[in-house]
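Each remark here refers to the structure printed beneath this line.
The values are calculated or read from the model by the stated rules, or taken from the named source; none is laboratory data. If you're wondering where the values come from, they're calculated on a predicted model, not measured in any experiment. Methodologically, a virtual Cβ is constructed for each residue, glycine included, from the backbone with ideal geometry; neighbour enumeration extends over all protein chains shown. Please note that ligands, DNA and RNA were not included when accessible areas were found on the heavy atoms of the full protein model with its side chains. Shrake-Rupley method; radii C 1.70, N 1.55, O 1.52, S 1.80 Å.
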Amino acid sequence: MPVRQMKESSEQHIVFKTNLQKSKNVPLPAASSEQNHKQTSLQPRNKGRRRGRGGRKSDQGEIFMRPCTVTTTSSSSNGNVGFPTSSKSLNFATRPGFGTVGTKCIVKANHFFAELPDKDLNQYDVTITPEVSSRTVNRSIIAELVRLYKESDLGMRLPAYDGRKSLYTAGQLPFSWKDFMIKLVDEEDGVNSPKRVKEYRVVIKFVAKANLHHLGKFLAGKRADAPQEALQILDIVLRELSTKRYCPIGRSFFSPDIRKPQRLGEGLESWCGFYQSIRPTQMGLSLNIDMASAAFIEPLPVVEFVGQLLGKDVLSRPLSDADRIKVKKGLRGVKVEVTHRGSVRRKYRVSGLTSQPTRELVFPIDENSTMKSVVEYFQEMYGFTIQYTHLPCLQVGNQKKANYLPMEACKIVEGQRYTKRLNEKQITSLLKVTCQRPRDRENDILQTVQHNAYDQDPYAKEFGINISEKPASVEARILPAPWLKYHESGKEKNCLPHVGQWNMMNKKMINGMTVNRWACINFSRGLQDSVARTFCNDLAQMCQISGMEFNLEPVIPIYNAKPEQVEKALKHVYQVSTNKTKGKELELLLAILPDNNGSLYGDLKRICETDLGIISQCCLTKHVFKISKQYLANVSLKINVKMGGRNTVLLDAVSYRIPLVSDIPTIIFGADVTHPENGEDISPSIAAVVASQDWPEVTKYAGLVCAQAHRQELIQDLYKTWHDPVRGTVSGGMIRDLLISYRKATGQKPLRIIFYRDGVSEGQFYQVLLYELDAIRKACASLEPNYQPPVTFIIVQKRHHTRLFPNNHRDRNSTDKSGNILPGTVVDTKICHPTEFDFYLCSHAGIQGTSRPAHYHVLWDENNFSADGIQSLTNNLCYTYARCTRSVSIVPPAYYAHLAAFRARFYMEPEMQENGSTADGGNSSHSSKGTTTRAGGECGVKPLPALKDNVKRVMFYC
């Protein structure tokens with residue numbers, strides 16, 4: 001997997017000479033000779049076909065497309081491709097029909113029909129002076145305004161408010177413009193003390209009416225562009241009451257009253273809640289309701305929180321420097337309320353922690369710089385005796401005017417979500433809360449709908465929205481599992497999976513690789529040499545049984561090393577092994593790691609793959625002690641594909657029976673971008689692209705990764721050009737390099753491209769399609785003039801809230817062992833998009849909890865897939881995932897891209913923190929960040945180190 005560099009030393013260029021089917025291709029809007037700052041428009045191919053593409057108007061004058069205009073440059077001389085420009089609208093692929101393949105069944109979905117209101121929806125602009133940044137305060141101001149003026153100036157209207165700039169009403173207000181003076185009492189100052197009163201000027205101004213006629217036509221499939229304004233208004237209306245009742249976070253609502261919070265450790269607890277969103281579907285408007293859980297900071301006294309955070313007694317001993325830094329990071333930004341002033345509960349946000357204990361803190365109390373200690377001040381001012389003077393004080397306010405608050409005088413305010421990374425124990429505890437069997441999850445969703453009582457919701461009534469309490473009953477189909485092909489020498493040459501699973505018994509890998517030179521390093525101190533030798537021998541035998549040629553003896557005896565000396569150990573084994581084999585490089589390194597290994601795994605992968613050029617396989621100590629045949633078989637599968645082999649292929653693939661794949665050379669791409677954790681403001685995002693390297697099997701993949709700008713979703717390095725002093729303009733990029741790699745591996749050029757793109761939200765569909773399809777076309781054109789293979793561009797989504805449940809939980813014939821719907825269940829009706837080409841596919845068997853179907857959205861389809869064609873292809877590919885003998889939940893190329901992007905994070909240099917350690921105390925496997933540099937006033941991203949040649953040719957990330 002070559003890591004992209006800003007420049008390349010030499011240009012790889014293969015001229016593709018095979019003639020294309022000219023009747024099926026049209027010239028690109030931007031060919032390779034025009035890669036400059038000109039305007040580029042992506043225009044649909046094959047105008048006038050049965051799917052209604054091409055942006056033509058109907059007889060009624062309506063445009064069957066979504067409007068989209070992007071107005072930035074298409075490329076730049078430094079190799080960073082920008083946004084393509086489009087002056088015309090671009091329409092997504094429309095549904096070519098509905099699928100018919102598979103066994104029909106009924107499933108229930110967590111979608112509830114919402115009746116479209118027949119009232120006018122009006123939008124008003126809200127300006128509050130002085131400006132308020134808090135949505136909560138804004139809502140309080142408007143709530144007071146409604147309380148005072150609903151029956152008079154508002155004409156009995158009950159408006160819905162978004163907490164920012166927009167107010168919505170059902171029917172017009174008696175005025176088009178009006179200002180109000182609203183006084184708001186600060187209730188946080190206590191019950192028996194004087195109240196602080198603030199006055200705000202609120203100006204409400206009419207903006208526009210929402211077009212419900214447009215929405216109705218869209219839901220009926222007569223318009224292709226969704227009226228986002230109307231949908232947004234209805235969503236806000238249905239969220240208004242829950243926003244007042246619960247703690248809103250994103251599109252979800254949480255409360256400690258929904259279910260008793262569970263402690264997660266280190267001062268955190270889990271809150272249960274529900275997700276809610278209005279969605280346009282084929283059955284009309286639908287309210288999508290799902291259960292949710294999130295980590296919140298436990299509303300503890302601060303001293304108790306600090307004790308939990310550090311996991312030790314803090315009442316009798318001072319904090320160490322490391323403790324103080326951990327507490328400072330844990331409390332920074334957290335809102336606390338004072339408890340030393342009786343009924344006065346003023347709230348503050350923590351900005352820092354004092355470096356000195358409370359007993360040493362003094363501050364000036366007058367203009368003469370008369371000093372007083374914090375201990376004396378609190379005793380004299382409030383009669384409050386500070387007991388734990390050895391603890392530091394909280395700092396609140398800004399740096400210029402910071403106030404000191406003793407820890408024991410503060411309590412954490414309830415309802416603050418924890419947004420930083422959870423540790424492994426906290427994640428495990430949270431998963432226990434969120435992991436629900438399908439029947440339990442469905443019951444909780446139904447109870448939530450009943451408890452929300454939308455029929456009694458005053459806002460829903462005001463706007464005329466009726467919500468059904470019955471979940472949608474949807475027609476589905478169970479696609480058949482594909483036959484898998486294994487090696488002819490095995491007892492079982494072909495295999496038909498059962499309920500998404502099979503095993504390697506009596507089977508041999510279809511392309512087993514050879515491993516002659518291997519070694520093992522043991523980083524686990526509690527593991528005896530004899531145990532490690534037995535494990536290595538059993539693993540080698542399993543590789544042989546599975547179809548590999550695997551030498552039973554390592555090149556050198558098992559080498560024991562300390563985890564903190566990983567680089568020294570790896571280079572020693574590499575050197576000794578090379579000397580022993582007279583210059584022949586090690587083919588495989590086995591590494592036995594402690595179960596809790598911190599940064600060891602990431603460091604090992606980085607050194608092996610970017611420095612030494614060794615393929616490695618890591619095994620945890622717990623698996624070495626408890627040797628399982630199933631575990632050994634799974635590890636052998638991983639080793640084989642890392643060495644360049646194939647474990648199994650689709651029988652239909654080798655028989656040339658897959659529609660729109662087997663007829664002409666086809667390349668299947670997978671792409672993903674992973675972003676840094678919340679709170680990491682400068683870490684780069686990592687983009688990864690993989691592509692099939694065999695045909696007709698489409699099972700073996702190669703990939704590329706690159707670092708790009710922080711939280712940039714568009715993959716910047718798909719195609720790029722730069723100026724070389726000798727060769728002039730040079731073309732490169734991940735798509736181009738993978739096309740070249742495919743040609744080298746297969747001897748043919750791809751005549752069809754299928755591109756699965758993971759991790760894109762609905763709001764980014766247009767942008768991603770415009771930019772990345774443009775890059776694909778330019779990459780093709782740079783290899784040969786007029787080389788434009790047809791492209792199918794599919795978005796893969798896992799982060800959605802649609803769940804599918806068996807129609808009858810007691811029917812064992814319609815559920816798997818976990819009680820979930822059967823693998824292969826596909827839905828493309830009722831709850832799917834009114835006009836566009838999308839479907840839900842549950843391609844895997846559940847293990848625990850409720851299965852989440854993947855949502856596939858075909859944005860662009862020049863290959864003219866039928867619904868059955870793309871659904872069956874996607875489902876069948878899910879059985880070719882190399883790391884296990886199970887079908888997986890998302891299509892493997894997208895899965896591999898995610899693994900590759902995740903692996904690349906280990907290659908980045910860890911950023912040093914204020915205490916000289918990495919972001920989470922030295923665990924660079926969880927905290928490694930890319931270092932950014934600035935040049936010419938712009939922020940650049942440090943490129944990832946290049947992979948060694950023998951690593952980048954194989955699926956090392958498996």
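What the table shows:
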item	result
GLN228-GLU115 pseudo-label distance in nm [points 7 Å out on the Cα-to-Cβ vector]	3.0 nm
DSSP-defined antiparallel bridges as percent of all bridges, segment 704-810, nearest 5	45 percent
Ellipsoid equivalent to segment 288-408 - semi-axes via the Cα gyration tensor, in Å	28, 18, 14
Solvent-accessible surface ranking, highest first, for CYS435, CYS878 at 1.4 angstrom	CYS435, CYS878
Whether segment 132-267 is rounded, prolate or oblate, judged on the alpha carbon gyration tensor where a/c under 1.5 counts as rounded	oblate
Label-to-label distance, nm, for residues given as LYS104 and THR129 (7 Å Cα→Cβ offset)	6.5 nm
For the chain, Kirkwood radius (reciprocal of mean inverse C-alpha pair distance, Å)	31.4 Å
Net length gained if the chain between GLN379 and TRP722 were fully extended (0.36 nm per residue, minus Cα distance)	116.5 nm
Most to least packed among 705-717, 109-121 [average Cβ atoms within 10 Å]	705-717, 109-121
Centroid-to-centroid separation of segment 294-318 and segment 697-739 [C-alpha atoms, Å]	48 Å
Ranking by accessible area, most exposed first, for TRP722, TRP483 with a 1.4 Å probe	TRP483, TRP722
Sulfur and carbon atoms: percent of accessible area, the chain [1.4 Å]	48 percent
Residue-span extension gain [TYR388 to GLN356] - 0.36 nm each, minus C-alpha spacing	10.2 nm
Rg(Cα) / (2.2 N^0.38 Å) computed for segment 615-710, rounded to two decimals	1.47
Length added when fully stretched, LYS312-GLU549, from 0.36 nm per residue minus Cα-Cα	80.0 nm
Zone of ASN678's modelled label, taken as backbone nitrogen in segment 707-721 under 20 Å from a point 7 Å along Cα→Cβ	710-713
Length-normalised contact order for segment 643-743 - Cα pairs under 8 Å, 6+ apart - percent	22 percent
Alpha-carbon gyration tensor eigenvalues x 5, square-rooted, for segment 105-158, Å	34, 18, 11
Spin-label proximity, GLN848 to segment 608-633 - amide N less than 19 Å from point 7 Å beyond Cα toward beta carbon	622-623, 631
Centroid-to-centroid separation of segment 422-438 and segment 495-532 [C-alpha atoms, Å]	30 Å
Peptides 685-697, 494-506 ordered by average Cβ neighbours within 10 Å, highest first	685-697, 494-506
Theoretical FRET efficiency, 1/(1+(r/R0)^6), r = Cβ-Cβ of SER866 and ASP949, R0 41 Å, to 0.05	0.50
Total lysine pairs under 22 Å (Cα atoms) in segment 452-599, excluding pairs fewer than 8 apart on one chain	15
FRET efficiency for ILE627 and LYS470, using Cβ-Cβ distance with R0 set to 45 Å, rounded to 0.05	0.30
From the C-alpha gyration tensor of segment 516-601, square roots of 5λ in Å	21, 18, 11
Cβ crowding within 10 Å averaged over residues, with 255-263, 279-287 ranked highest first	279-287, 255-263
Inter-site label distance for GLN764 and ARG533 at 7 Å from Cα along Cβ, in nm	5.3 nm
